[in-house]
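Only the coordinates and a few stated rules stand behind these numbers; no lab work does. In this text, all values refer to a predicted model and were calculated from it rather than measured experimentally. Note that we place each Cβ from the backbone using ideal geometry, even for glycine, and neighbour counts take in every protein chain shown.
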Amino acid sequence: MKITSQLTDEGVLQELGARLSNARIEQNLTQAALAQQAGVAKRTVERLESGTVAVQLSGLLRVCRALGLLERFETLIPQALASPMAQLKLQGRKRQRAAGKKATPAETKKWTWGESS
């Protein structure tokens, strides 16, 4: 099954669990052996594979590292690259914060005494 925005959270967790289970079986590992390699409890592996209970993200990362899947997270959330124009504006400086939305003149209203906000 493909993971899309149409799936519920439970559906996504179950699909991820099934994929982890398949990867473990492909590498001919038992849940106990994978848990030992990942440094987590066997119950954590069971929970991840069942997809019924969310576990800590660090447990997921450890299991993915033990299965050799950690590098695939790069495609999940790729590093943001600045556009060429933004790179010229920054000239080597790194952005420190996000800019909020600026109010348009129609949205701004002059405050006067006696009005409540």
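Here are the numbers for this structure:
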item: Peptide ranges 1-12, 33-44, 62-73 listed from the most packed, as the mean C-beta count within 10 angstrom indicates; result: 33-44, 62-73, 1-12
item: For the stretch 9-76, convex hull volume per residue from C-alpha positions, Å³; result: 77 Å³
